[in-house]
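Read the structure below first, then the notes.
The values are calculated or read from the model by the stated rules, or taken from the named source; none is laboratory data. Every value quoted in this text rests on a predicted model; they were computed, and no experiment measured them. Accessible surface areas use protein heavy atoms only, side chains included; no ligands, DNA or RNA. Shrake-Rupley method; radii C 1.70, N 1.55, O 1.52, S 1.80 Å.
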Amino acid sequence: MKHLPKHIRPRWRYLAVEIEAAPDADIDRGAFQRALWYAAGNLLGDAGSADADLTVFGFEYADGIGEAIVRARREETAAARAALACIDSVDDEPIGLVVRGISGTVRACEESYLRDRSPDLTEESVAFADDQRPAIRRDDVAELSLPEGFVAATELDFH
């Protein structure tokens, strides 16, 4: 089978997506892809999500921090951003997503938006709610371990 001529081939854009969740959240590529398809289908409808053709092209996640590259058709980047904005959980784990940028190639996407994003994670004990609690500090936010799960807090919340 012959390849299509260059002027007929689909044009793609790659969205660099930053992922944040609780440190104990277990999120994998398949679950993220399902959440993306579900959000696109609900927001754009069947025809709109087929036009956008959203695919998770690259995915890394560990310790509450992750990155993904989402492929979309060139004319559908606004729809892709809107579908990503609709994702608030993956496998019942609350999640936060930020589109860091859009690029025409995977390599440019990785080099421009996803490289060197390794936050300083430190584990320590902090004073919160009249008690010492274990926390994982990430940049200027700390994830406190409570019996009900993790709670995010900033420096102003500590005693």
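Points to keep in mind about this one:
- Tensor-based shape of the range 58-118 (alpha-carbon gyration tensor, a/c under 1.5 rounded, otherwise prolate or oblate): oblate
- Relative contact order [Cα under 8 Å, 6+ residues apart], the chain, whole percent: 25
- Residues whose placed amide H lies under 5 Å from that of F57, excluding near-sequence neighbours: I69, V70, R71
- Structure-based [θ]222 nm, the chain - -39500 (n - 2.57) summed over DSSP H runs of at least 4, per residue, nearest 500: -7500 deg cm²/dmol
- Surface analysis of the range 6-72 yields an accessible area of 50 Å² per residue, using protein heavy atoms and a 1.4 Å probe.
- Karplus-derived HN-Hα couplings along the range 100-108 (A = 6.51, B = -1.76, C = 1.60, θ = phi - 60°), whole Hz, x at Gly and Pro: 7, x, 10, 9, x, 9, 5, 4, 5
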